[in-house]
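> Quick one: structure below, then a few questions.
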Amino acid sequence: MDVMCKTGSVLKFIGGVVNKAVSFVVFSFLDLVDFILCFAYKVADFCIEAEWRPCYCSPTKEAITSSGGKILVSERGESKIVSLNSSKVQLEDISDTLYSRPSLVAEVSKLTVDELKKLKLDGTTMRSCKKIKKGSARSTFTVNSIVVEMLQGKMVGQRLHHIPTWSDCDCKFCNSWTFSSKDTLFVKAQGPKDNKAREDVIFIHGFISSSAFWTETLFPNFSSTAKSTYRFLAVDLLGFGRSPKPADSLYTLREHVDMIEKSVLEDYKVKSFHIVAHSLGCILALAIAVKHPGSVKSLTLLTPPYYPVPKGEAATQYVMRKLAPRRVWPVMAFCSSLACWYEHISRTICLVICKNHRLWEFLTKLVTRNRVRTYLMEGFFCHTHNAAWHTLHNIICGTATKLDRYLDIVHNRLNCDVTIFHGKDDEVIPLECSYNVQRKISRARLKVIENKDHITIVVGRQKAFARELEEIWNTASTSN
């Protein structure tokens, strides 16, 4: 038995070493590919749209000014002021992981140099201090040109930019929002009419998904009693599904929450409500709950992406590395690493898959003889690279410093029921994330679902999950 255990440990160690070695080679190559694609897209953008499209590879401009409110930008220790009009987006909402993603070779080199410095300076303490003139102290941020340029376009009071880029899909379904006079999210509502519903339930999907994740699975499986009692409101997040996909948006937490409030809470006159959220949507659910503490009756979180940040670590960078460790195995780690680290490779993936989603849907139906429903593909395909790229960084990585506060507020100030579901086989968001949330909210109930992953925690068990949700809502309504 001991021999078997030792053999297993040795094989695991060897596998880990091989994985790291292969990953180093693969991701070093991908760093080069992304660098080349940067120039390729600049040429393509200029030839097709007659303008250079900024990217996060670009250095910060020396001076960019407009008029109105001021935003401080620092570059190489030099502070500059960027002035903007009628600002709603604040620079604090921008995750530094958008423009600070060192190549793997550069990162390994830096770690090696740091270790050598530690050895050289063993037994000594280095201290540094900065002299700041009285009254001149201020917080500084490092951003590059794309942040400033997009902020400039966003802050001048313009409506959502309707024109898709050449690499985005231009089909009627993906751009249905351009035919509406209202800049609001797409919301699928189901339930009693004439305001006869006793309570409202808001469903928030996860990353690269849509309201169909709920409407095609849970909505048909709720009991007749639930359908007559509750009004179900499933929303397509900004940039996904049939919702607006503005090209000038940075898709910050503030923008996402504001649009949900405007499109759901205000348009449907929602006063008190239950929230059901999946994956990235859990972060938005917590932000809404904290903003409307007296209105939330229950909070149901499926696979919440919460990574507690150790002291001394850069929060956003730590979360990005936990989410996307730049490893070729497991497969989901490789996929998330492509999405997080490589702006131009991920744009190429969107160009191939999202722009041509009608072809992929047709081929899927052809191969499966129309036996596979395509609602999951709808959510996966119908978004823009701009929306996916910024939402991933600004919501999951960018909220790393905010989630602890949100969870503390839910624990200390909210009286709503909190229930967490997590698939035991989830390779996208580790089970430990849900245990981390439960530690922060002691009253939260955690249900680990055996043999289920990130998607099958709902898909494939929708009837059982519908019953579980109804029980949660009934219990919350009785206790409140």
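The values are calculated or read from the model by the stated rules, or taken from the named source; none is laboratory data. Given the structure is predicted, the values throughout are model-derived calculations rather than measurements. Ideal geometry is used to build each Cβ from the backbone, glycine not excepted, and the neighbour counts take in all protein chains shown. To get the accessible areas, we keep the full protein, side chains included, count just its heavy atoms, and leave off ligands, DNA and RNA. Shrake-Rupley method; radii C 1.70, N 1.55, O 1.52, S 1.80 Å.
> Accessible area per residue, 1.4 Å probe, Å², for region 366-480: what's the number? Kindly include the intermediate steps, with their values, before the conclusion.
Values: 5370 Å² over 115 residues.
Per residue, region 366-480 has 47 Å² of solvent-accessible surface.
> Do me a favour and compute the ellipsoid semi-axes for region 365-416 from its Cα gyration tensor, root of five times each eigenvalue, largest one first, whole Å. Show your work: numbers first, answer last.
Numbers: eigenvalues 276, 62, 9 Å².
For region 365-416, the ellipsoid semi-axes come out as 37, 18, 7 Å.
> Rounded to the nearest 0.05, what FRET efficiency is calculated for ARG439 and ARG413 with R0 set to 25 Å and r the Cβ-Cβ distance? Write down the numbers at each step before the final one.
On the way: r = 18 Å, r/R0 = 0.71.
Plugging the Cβ-Cβ distance into 1/(1 + (r/R0)^6) gives 0.90.
> Once phi is turned into ³J(HN,Hα) by the Karplus curve 6.51 cos²θ - 1.76 cosθ + 1.60 with θ = phi - 60°, what whole-Hz value does each residue of region 326-333 show in order, with x for glycine and proline?
Going residue by residue, I get 6, 10, 7, 9, x, 4, 5, 5 Hz, with x marking Gly and Pro.
> Using only the Cα atoms, work out Rg/Rh for region 240-374, with Rh taken as the Kirkwood radius, to two decimals.
Values: Rg = 18.6 Å, Rh = 18.2 Å.
So for region 240-374, dividing Rg by the Kirkwood Rh gives 1.02.
> Calculate the FRET efficiency for LYS447 and THR225 from the Cβ-Cβ distance with a Förster distance of 35 Å, rounded to the nearest 0.05.
Calculated transfer efficiency: 0.95.
> Which aspartates and glutamates does LYS193 reach when only Cα atoms under 19 Å apart count, and residues fewer than 8 places away in its own chain are ignored?
GLU266, ASP267
> Over region 337-439, what portion of Cα pair distances is larger than 18 Å, expressed as a whole percent?
66 percent
> Here is a follow-up. Cα centroid distance between region 339-415 and region 207-269, in Å?
The distance from the Cα centre of region 339-415 to that of region 207-269 comes to 14 Å.
> Please compute, for the alpha-carbon atoms of region 413-480, the extent along each of the three principal axes and give them in descending order in Å.
Cα spread of region 413-480 along its principal axes, largest to smallest: 35, 29, 13 Å.
> Hand me the chymotrypsin sites (Phe, Trp or Tyr not before Pro) from region 229-262 located in a DSSP loop with no more than 10 other Cβ atoms within 10 Å, in residue order please.
Here no loop site has a sparse enough neighbourhood.
> Would you mind checking LYS196/LYS424; LYS196/LYS291; LYS182/LYS463; LYS245/LYS402; LYS262/LYS311 for any pair whose Cα atoms are more than 32 angstrom apart? Each step should come with its number before you reach the end.
Details: LYS196/LYS424 39 Å; LYS196/LYS291 26 Å; LYS182/LYS463 35 Å; LYS245/LYS402 25 Å; LYS262/LYS311 37 Å.
Where the Cα-Cα span goes over 32 Å, the pairs concerned are LYS196/LYS424; LYS182/LYS463; LYS262/LYS311.
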